[in-house]
Amino acid sequence: MKYTLTGLNNIRVLDCGVHLSVSPENEVVNFGTFSTRDIQRHNITRTFTVKATRAEDAECSDGFKLNAAFFTDEHLSADRLLLRPGNGLQLQLLSGTEPVGFERFNSFADFTTGELSVEKEYHAELSPVPGQDIKPGSFTIVVLLRINYH
């Protein structure tokens, strides 16, 4: 078999970078201790921020943009808006009041305008899954943030 790649004439290589930082600094969103009754009465929300700072580098003179998406190995709802770890709880990520979703790249930063850093605030909202029993006990959920340059 022989394969031929064509249409590669519009590729642009960026020799640019960003430094990412997450707050809280330990990169852990801690929901603390709560009872089943507490979570059934009201959702629990915690805030975290992601900051992208353009690397000041003589080799990087191009402007560029960043897209970002949250990924996980946990079970997701069919619409990919809710992460369900199997304990009767679900996690939703919000930007303001808008659901962010998982495995969806969204615009994160525009470094074509001279900006040197961009910070986005997110809300992690924990709530019960309707119709499911909540299993008491500690739990850990791992969520990764992927960044694409363009």
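Starting from residues that are part of a loop (DSSP other than H, G, I, E, B) and touching a residue at least 60 places away in the same chain (Cβ under 8 Å), keep the ones in the stretch 131-150 and report whichever is nearest to C60 (Cα to Cα). Steps first, answer last, please.
Initially, the stretch 131-150 is screened for residues part of a loop (DSSP other than H, G, I, E, B), giving 131-143, 150.
Filter once more, keeping what is touching a residue at least 60 places away in the same chain (Cβ under 8 Å): 134, 136, 141-143, 150.
Working: I134: 51, P136: 51, I141: 36, V142: 33, V143: 30, H150: 14 Å.
Among residues in the stretch 131-150 that are part of a loop (DSSP other than H, G, I, E, B) and touching a residue at least 60 places away in the same chain (Cβ under 8 Å), the one nearest to C60 (Cα to Cα) is H150.
Tally time: how many residues in the stretch 61-73 are surrounded by fewer than 16 Cβ atoms within 10 Å (Cβ to Cβ), in contact (Cβ under 8 Å) with a residue 24 or more places away in the chain and part of a loop (DSSP other than H, G, I, E, B)? Of the residues in the stretch 61-73, 4 are surrounded by fewer than 16 Cβ atoms within 10 Å (Cβ to Cβ), in contact (Cβ under 8 Å) with a residue 24 or more places away in the chain and part of a loop (DSSP other than H, G, I, E, B).
Across the stretch 1-54, which residue is farthest from the chain's Cα centre (by Cα) among those that are farther than 14 Å from H123 by Cβ and among the basic types (K, R)? Among residues in the stretch 1-54 that are farther than 14 Å from H123 by Cβ and among the basic types (K, R), the one farthest from the chain's Cα centre (by Cα) is K2.
Being more than 13 Å from the chain's Cα centre (by Cα) and surrounded by fewer than 16 Cβ atoms within 10 Å (Cβ to Cβ) is the filter here; which residues of the stretch 99-114 pass it?
Going through the stretch 99-114, the residues more than 13 Å from the chain's Cα centre (by Cα) turn out to be 109-114.
The answer is D110, T112, T113, G114.
Here F31 fulfils each of the conditions (1) assigned to a loop (DSSP other than H, G, I, E, B); (2) of a type outside the set (A, V, I, L, M); (3) over 20 Å from D133 (Cα atoms) apart from (3). Restricting the stretch 1-38 to residues that are exposed (fewer than 12 other Cβ atoms within 10 Å of the Cβ) and of a type in the set (G, A, S), the residue that is nearest to T49 (Cα to Cα) is G32. Answer with yes or no whether L76 is out of contact with any Phe, Trp or Tyr (no Cβ under 7 Å at 6 or more places or on another chain), surrounded by 15 or more Cβ atoms within 10 Å (Cβ to Cβ), within 23 Å of G131 (Cα to Cα) and among the hydrophobic types (A, V, I, L, M, F, W, C). No, not satisfied.
Figure legend. Inter-residue proximity from the stretch 21-45: first residues of a type in the set (A, V, I, L, M), second residues loosely packed, with under 13 Cβ neighbours inside 10 Å and in a helix (DSSP H, G or I), beta-carbon distance below 9 Å, spacing 6+ or different chains. Indicated pairs: I44/D38. The residues in the stretch 81-96 that are surrounded by 14 or more Cβ atoms within 10 Å (Cβ to Cβ) and not in a strand (DSSP E or B) can be counted, and the count is 4.
Contact annotation: no residue pair with Cβ atoms under 8 Å, 6 or more positions apart or on different chains, pairs a residue in the stretch 116-130 that is free of Cβ contacts under 8 Å to residues at least 40 places away in the same chain and more than 14 Å from I147 (Cβ to Cβ) with a partner that is of a type in the set (V, I, T) and surrounded by fewer than 16 Cβ atoms within 10 Å (Cβ to Cβ).
Just so you know, all these numbers are worked out from the coordinates, no wet-lab data involved. No experiment lies behind these values; they were computed from the predicted model shown. Glycine gets a Cβ as well: all are built from the backbone with ideal geometry, and neighbour counts include every protein chain shown.
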